[in-house]
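Take a look at the structure set out below.
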């Protein structure tokens, strides 16, 4: 009787021969399944301890330009040599390395410009970045990612300050858009919360310079 009981317990405890080991998803794979989360508009503290909304931006900003600090998750709006606003941002799922090719989930680094504005983006509002630029094209040509014709088209678009080709193996459609900045969740774009992208979208015209730093 005891032997029969031990055999039964061993049969229950041992997995069947055909059992398949379970592979747990990586952190990046889990993050890709999470929806973006919007956050509240930042407020500015007064010396008294009160919290107030930041002052509204003027209707027209002289010499606007944008500076992105990836490591700080911060985008700054400048008017000439004066910084007038800073916002929290989220980056791609690979936030540290610079973008090199389509599908790498990285955010570019370098000097670009706003090449388009989309008021009907699925991510609220979107400012298109002129990635890939000439330096990206040079690297892509050297690495065999793009053809000479694609290289010439990217360089020509940069010279004319228009939208470069977004359908090469270097990737494209990198945007500054809305839908939340609490964590890095995009495919390489720069994301802000809803109120911030509304303010920034109004402030910068097509052609605005964008410097993206590590």
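Nothing in this text is a laboratory measurement; each read-out follows from the coordinates by a stated rule. Note that the coordinates shown come from a computational prediction; the quantities given were computed from them, not determined experimentally. Neighbour counts run over all protein chains shown; Cβ positions are idealised from the backbone, glycine included.
Sorting 100, 59 by the number of Cβ atoms found within 10 Å of their own Cβ, with the fewest placed first, yields 59, 100.
Taking the number of Cβ atoms within 10 Å of each Cβ as an exposure proxy, the fewest-first ranking of 168, 111 is 111, 168.
When all alpha-carbon pairs of the stretch 84-147 are counted, what percent fall beyond 16 Å?
Numbers: 1216 of 2016 pairs.
Tail of P(r) above 16 Å: 60 percent of Cα pairs.
Note on the stretch 92-142 and the stretch 160-193: Cα centroid distance 5 Å, given to the nearest whole angstrom. Residues 150, 82, arranged from fewest to most other Cβ atoms within 10 angstrom of their Cβ, appear as 82, 150.
Quick check for you: which residues of the stretch 116-130 have the amide N under 20 Å from the point 7 Å beyond the Cα of residue 198 toward its beta carbon? Only 117-128 fall inside the zone, counting backbone N under 20 Å.
Seen from every direction in turn and averaged, the convex hull around the alpha carbons of the stretch 62-213 projects onto 8.2 nm².
Note on residue 59/residue 102: beta-carbon distance plugged into 1/(1 + (r/R0)^6) with R0 of 30 Å gives a FRET efficiency of 0.20. If R0 is taken as 41 Å, the Cβ-Cβ distance between residue 120 and residue 84 corresponds to a FRET efficiency of 0.95.
Applying a 10 Å radius around every beta-carbon, put 67-76, 176-185 in order of their mean neighbour count, most first.
On the way: 67-76: 17.2, 176-185: 21.2.
Result, highest mean Cβ count within 10 Å first: 176-185, 67-76.
Computed extension gain for residue 160 through residue 213, at 0.36 nm per residue and net of the alpha carbon distance, reaches 16.7 nm.
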